[in-house]
Structure formats: C-alpha cells, structure tokens
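A.B. asks: Before I ask anything, here is the structure I am working with.
Nothing in this text is a laboratory measurement; each read-out follows from the coordinates by a stated rule. Keep in mind that what you see is a predicted model, and the values were worked out from it rather than measured. Quick reminder, even Gly has a Cβ in these numbers, built from the backbone with ideal geometry, and neighbours come from all protein chains shown.
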Amino acid sequence: MPKTLADIKKSLDLHIGKRLILKANGGRKKTVERAGILRETYHSVFVIELDQDEHSFERVSYSYADILTEAVEIVVYEGTEEELVVK
C-alpha cells in the first residue's frame, strides 16, 4: 500500500486508460460501487469515466487523500480475470 499522496498518484499514473471498479464510502453506512475507466490524474485528484449504461452521470473524481484514508478502494483489472488492488 502506498504511504504518501505522491506514491498513490504514481501508482495510478501507471493505470491510466485501464478498466477499474471503485468502492467508495457513500455515507450513512452505505458503500457505492462504480465501474469505469481511469482517464486522467491531476495534481490533487483523479478522474474516472463511468460506464454509461450503469450510471446517470459521466465522470467522478476523487482525491488521493481518499485512497490514503481508505475511504476509496480501487480494483484495477489487468487483462481478463487478473486483478490488482490499489488502495
């Protein structure tokens, strides 16, 4: 697990354009699960383009601090069934 925000950004930079599943804290004991493609990483946030058939909006963004505090968990799919967990 990366220990700093810079490490988290570097690890996500390696997965730009790849398919992923994002699990986020939705508040009030809810967990939100979204599927999409990691499109961009910026200095403070990363952007995921969501699957249009499953979601009513196109994109979501989260900060690297969300991953550091474990409010967000990302599963990146490398190929068919192999998966890599990036927290």
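A.B. asks: By its C-alpha gyration tensor, with a ≥ b ≥ c as the square roots of the eigenvalues, how is the stretch 5-86 shaped: rounded for a/c under 1.5, else prolate for a/b larger than b/c, else oblate?
C.D. replies: It is rounded, given that a/c, with a ≥ b ≥ c, falls under 1.5.
A.B. asks: Separate question: Extension gain Ser44-Lys23, at 0.36 nm per residue separation less the Cα-Cα distance, in nm?
C.D. replies: That pair, Ser44 and Lys23, stretches by 5.7 nm at full extension.
A.B. asks: Roughly what would the spin-label model give for Tyr77 and Lys30, points 7 Å off Cα along C-beta, in nm?
C.D. replies: So the two model labels end up 2.5 nm from each other.
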